[in-house]
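Below is one structure, written out as structure tokens; the observations come after it.
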Amino acid sequence: MTDPTHRSILLLSGPNLNLLGERQPAVYGTATLDAHVATAAERAQRAGVEVEHAQSNAEVGLVEAVHRARGVHDAIVVNAGAVTHYGWGLHDALAAFDGPVVELHLSNPSAREPWRHTSVVSPVADVVIQGAGGLGYRLAVDAALGLLGLDLP
Ligand code: DQA
């Protein structure tokens, strides 16, 4: 059980998202990952909810972060990067997480190369937000808050 007096969301970032700001800015924008994390944290803070961020360039790091979230975090917002498209270990870890899961992408993978059209995260996500660029971080937090019954006005 999570602590009802201390609500928190795990924001999870996959491979290469640490390069945001420098990486393919035409696709992913110019904001850094730190800036997106700050956007998410500020939004959640309005509802009295903390955001913890973890980033890994490997699927195992994402799986272990989801395991650590069990009984600690109330919801997970995950941009798994390319792991989205093949990471069945991450899929299974998220399926074993007892709380809302929001899948997030800066770009719209469905409008890109065919290999990006499959998401193994989507079947275990309550909400999918993609293609909204940096705005997606705020939308994803709002979705998680709403699913927790903590909607912002
Ligand atoms: C991404 C989309 C993925 O296809 C890609 O591999 C990423 C970023 C996005 O945020 O648009 O690394 O998840």
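Read-outs throughout are calculated quantities, based only on the coordinates presented, and are distinct from any laboratory measurement. Keep in mind the model is a prediction, meaning the values are calculated, not measured. Note that each Cβ is placed from the backbone with ideal geometry, even for glycine, and that neighbours are counted across all protein chains shown.
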Given (1) among the aliphatic types (A, V, I, L, M); (2) farther than 19 Å from Pro15 by Cβ; (3) out of contact with any helix residue (DSSP H, G or I) (no Cβ under 6 Å at 6 or more places or on another chain), number of the condition Val127 does not satisfy: (3)
Selected residue (only one of Val101, Val78 is among the β-branched types (Val, Ile, Thr), within 18 Å of Ser8 (Cα to Cα), buried (at least 19 other Cβ atoms within 10 Å of the Cβ) and free of Cβ contacts under 8 Å to residues at least 40 places away in the same chain): Val101
Failed item in (1) in contact (Cβ under 8 Å) with a residue 12 or more places away in the chain; (2) within 16 Å of the ligand (Cβ to nearest atom); (3) in a helix (DSSP H, G or I); (4) more than 18 Å from Ala144 (Cβ to Cβ), with Pro15 passing the rest: (3)
